[in-house]
1. Within the stretch 15-35, restricting attention to residues that are outside any loop (DSSP other than H, G, I, E, B) and surrounded by 13 or more Cβ atoms within 10 Å (Cβ to Cβ), which residue is modelled with the lowest pLDDT?
2. Residue by residue through the stretch 6-31, note down the ones that are over 18 Å from the mean Cα position of the chain (by Cα) and away from the ligand (no atom under 14 Å from the Cβ).
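The values are calculated or read from the model by the stated rules, or taken from the named source; none is laboratory data. In this text, all values refer to a predicted model and were calculated from it rather than measured experimentally. Reconstructed Cβ throughout: ideal geometry from the backbone, glycine too, with neighbour counts over all protein chains shown.
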Amino acid sequence: MPIYEYGCEKCGHQTEMLRPMAGADEPVACESCGQPMRRLQSVFSAAGGASLPITGPSSSPPGPGDCGPGCGCMMP
Ligand SMILES: [Zn+2]
C-alpha cells in the first residue's frame, strides 16, 4: 500500500498517510486546523525504511562465483 503525503494550504501542516490507491484522492482533514489537505506526492516503499543496500567500503567484496557467468573471478 503506497504512502501519500498531504499538505495543508491553510496552516502548512504536512502528514503522511498509508492509503489504498483507490482512496488516494479522498479528502483528508488537517490534524491541526481541520481544513482539507492537498495531496502532495506519493512515496513508495517508505514503510520499510531504507530498503536499498548501501554499497561502500564496509560492504564485503564479491567472492568467486558471485559475479555470474563470464566474470574473471572463476578463472584460475
Ligand atoms: Zn491545517
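1. Step by step, filter the stretch 15-35, then rank; the result is MET17.
2. Step one: of the stretch 6-31, the residues over 18 Å from the mean Cα position of the chain (by Cα) are 8-13, 22-23, 25-31.
Scanning the stretch 6-31 gives ALA22, GLY23, ASP25, GLU26.
For (1) assigned to a loop (DSSP other than H, G, I, E, B); (2) modelled with pLDDT of 80 or more; (3) within 16 Å of the ligand (Cβ to nearest atom); (4) of a type in the set (D, E, K, R), each residue gets a yes or a no:
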site	(1), (2), (3), (4)
TYR4	no, yes, no, no
MET37	no, yes, yes, no
SER42	no, no, no, no
SER45	yes, no, no, no
GLY49	yes, no, no, no
LEU52	yes, no, no, no
SER60	yes, no, no, no
CYS67	yes, no, no, no
